[in-house]
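*Asks:* Got a structure here, written out as structure tokens. Questions coming.
Read-outs: derived from the displayed coordinates by stated rules, not from any lab. Please read all numbers here as calculations on a predicted model, not as lab measurements. Neighbour counts are summed over all protein chains in view; Cβ atoms, including those assigned to glycine, are modelled from backbone coordinates with ideal geometry.
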Amino acid sequence: MSKVITSPVKRFPGTVTLSDPLTFPQAIAFEDGLAAVRSDREAGSITKVRFALLPGVLACVEAWRLGNFPESPSVDSFPSTPRQSVAELIDWLVGEVSALYQESEEVPLA
């Protein structure tokens, strides 16, 4: 199964397909990104924080169908400008992946 989400960012219209459910490697990559954020946040660099989150987000994406955007972005090719639009895109993706991740946390262990 997959989850198709529609970009709210005007600069990057289209959809992104997320894995749903997340696999163990995807969840671990996302957790690693969150852990890296703690140290970057202390350094006071929001750019570094967003960059630290990218590997975990990228691991959870199956397909990119966004306008004005690379077809298969990687950490090295992910755009960093225009800053406001990219910030909105990354923040939105982190929120969507977080929702999938949190949902998995809510499943009771039987």
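*Asks:* Let's see if you can work this out: charge +1 on each Lys and Arg Cβ, -1 on each Asp and Glu Cβ, no other charges. What is the dipole magnitude of the chain about its Cα centre, in debye to the nearest 20?
*Replies:* Numbers: 9 positive and 14 negative charges, 99 e Å.
I would put it at about 480 debye.
*Asks:* Loop only per DSSP, at most 10 neighbouring Cβ atoms within 10 Å: give me the GluC sites (Glu not before Pro) in the stretch 41-83, ordered by residue number.
*Replies:* Numbers: sites: GLU42, GLU62, GLU71; in loops: GLU71.
Loop-located and lightly packed - GLU71.
*Asks:* Evaluated at 20 °C with a viscosity of 1.002 mPa s, what Stokes-Einstein diffusion coefficient in µm²/s does the stretch 2-105 have when Rh comes from the Kirkwood expression over alpha-carbon pairs? Walk me through the numbers on the way to the answer.
*Replies:* Numbers: Rh = 13.8 Å.
Estimated diffusion coefficient is 156 µm²/s.
*Asks:* Still on this structure, please answer the following. Most fluctuating residue of ARG65, ARG50, ARG38 in a GNM of the chain with Cα springs under 10 Å: which is it?
*Replies:* Residue with maximal mean-square fluctuation among ARG65, ARG50, ARG38: ARG38.
*Asks:* Further, regarding this structure: Per DSSP H run of at least 4 residues, take -39500 (n - 2.57); add these up for the chain, divide by its residues and hand me the 222 nm value, nearest 500 deg cm²/dmol.
*Replies:* Values: 3 runs with 58 residues, N = 110.
Calculated at 222 nm, the ellipticity per residue is -18000 deg cm²/dmol.
*Asks:* Over the chain, what is the mean sequence separation of C-alpha contacts under 8 Å (at least six apart), divided by residue count, expressed as relative contact order in percent?
*Replies:* Details: 142 pairs, mean separation 33.5, N = 110.
Reported as a whole number, the value is 30 percent.
*Asks:* Give the long-range amide H neighbours of SER7: residues separated by 5 or more places, or on another chain, with amide H under 5 Å away, using H modelled in the peptide plane at 1.01 Å from N.
*Replies:* Sorted by chain and number, the residues that satisfy this are GLY14, THR15, VAL16.
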